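Let me begin by presenting the structure, written as structure tokens, before commenting on it.
The values are calculated or read from the model by the stated rules, or taken from the named source; none is laboratory data. Nothing here was measured: the structure is a model prediction, and the numbers come from that model. Counting neighbours? That spans all protein chains shown, and the Cβs are built from the backbone with ideal geometry, glycine included. We work out accessible area using only protein heavy atoms, side chains counted, and drop any ligands, DNA or RNA first. Shrake-Rupley method; radii C 1.70, N 1.55, O 1.52, S 1.80 Å.
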Amino acid sequence: MATSGTNSFDLDVDQVIEEAFERCGLNSRSGYDLKSARRSLNIMLAEWANRGINLWTVELRTQTLTGSTTSYTLDSDLVDVLEAVITEVDRISRAEYLNISNKSTTGTPVQYYLERGASTPTLFLYPTPDGAHTFKYYGLTKIQDAGDYNDQLEVPTRFLPCLTSGLAYYVSVKKAPERTPLLKQL
């Protein structure tokens with residue numbers, strides 16, 4: 001039996017949109033349909049990031065710490081810090097951080113709180129670093145946007161069925177509500 005000898009199948013943004021429309025029993029007929037579907041695709045990718053589904057975007061990152069600096073603004077593409085080390089550092093909640101009475105205590109940080117702001121996350125350390133340290137962490141980052149229609153998405157091939165099903169659901173809410181219950185199940 002002959003096989004293709006390749007395993008490079010992938011879809012670009014336009015093909016994902018086309019597949020989603022076909023699952024809705026529709027054809028994309030206008031530029032607005034494409035624009036609307038791409039917007040829905042970006043919203044869905046943001047939802048995946050918020051749910052932590054995008055584990056393929058985990059990156060090892062570092063932040064240089066300096067003495068007497070309590071907080072650090074991290075990159076805007078960061079969704080969450082999964083694990084971190086200086087020596088050994090534990091994540092604490094907002095309430096635990098707020099309950100620390102003297103945040104100006106200095107030393108080697110052993111606790112951190114991550115405040116996920118509207119645009120950039122802020123890292124708070126306790127105690128405040130007493131000198132230069134390197135904070136190493138695994139950060140969960142945003143999935144890259146669905147850009148041009150001929151771009152491929154930053155999604156592993158194994159997620160393409162979920163991606164096209166999700167987009168079909170989003171499109172059905174706008175264009176084919178009679179198919180929404182079925183597509184939601186998929």
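Among the residues here, LEU60 qualifies as open to solvent by 20 Å² or more (accessible area, probe 1.4 Å) and assigned to a strand (DSSP E or B).
All of ARG91, ARG158, ARG116 fail the test of being modelled with pLDDT of 95 or more and open to solvent by 70 Å² or more (accessible area, probe 1.4 Å), apart from ARG91. Just name the residue that is modelled with the lowest pLDDT out of those in the stretch 21-34 that are loosely packed, with under 13 Cβ neighbours inside 10 Å and not aromatic (Phe, Trp, Tyr). So the residue we want is ARG29. Whenever a residue of the stretch 68-91 is in contact (Cβ under 8 Å) with a residue 40 or more places away in the chain, its partners that are in a strand (DSSP E or B) and open to solvent by 70 Å² or more (accessible area, probe 1.4 Å), lying with C-beta atoms within less than 6 angstrom and at least six residues away or across chains, give the pairs LEU82/TYR138; GLU83/TYR138; VAL85/LYS136.
GLY5 meets the conditions (1) more than 24 Å from GLN144 (Cα to Cα); (2) open to solvent by less than 40 Å² (accessible area, probe 1.4 Å) in every case but one. The failed one is (2). Do we have PHE124 as under 20 Å from the mean Cα position of the chain (by Cα), closer than 26 Å to ASN50 by Cα and among the aromatic types (Phe, Trp, Tyr) here? It is false that PHE124 is under 20 Å from the mean Cα position of the chain (by Cα), closer than 26 Å to ASN50 by Cα and among the aromatic types (Phe, Trp, Tyr).
THR106 meets each of the listed conditions (1) touching a helix residue (DSSP H, G or I) at 6+ places or on another chain (Cβ under 9 Å); (2) β-branched (Val, Ile, Thr); (3) open to solvent by 40 Å² or more (accessible area, probe 1.4 Å) apart from (1). Within the stretch 172-182, is even one residue assigned to a loop (DSSP other than H, G, I, E, B), open to solvent by less than 80 Å² (accessible area, probe 1.4 Å) and not basic (Lys, Arg)? Scanning the stretch 172-182, I find at least one residue that is assigned to a loop (DSSP other than H, G, I, E, B), open to solvent by less than 80 Å² (accessible area, probe 1.4 Å) and not basic (Lys, Arg), so the answer is yes. For the stretch 89-109, the condition holds for no residue, the condition being that it is within 29 Å of GLU47 (Cβ to Cβ), among the aromatic types (Phe, Trp, Tyr), under 21 Å from the mean Cα position of the chain (by Cα) and in a helix (DSSP H, G or I). Within the stretch 119-134, being under 21 Å from LEU60 (Cα atoms), open to solvent by 60 Å² or more (accessible area, probe 1.4 Å) and assigned to a loop (DSSP other than H, G, I, E, B) holds for SER119, ALA132.
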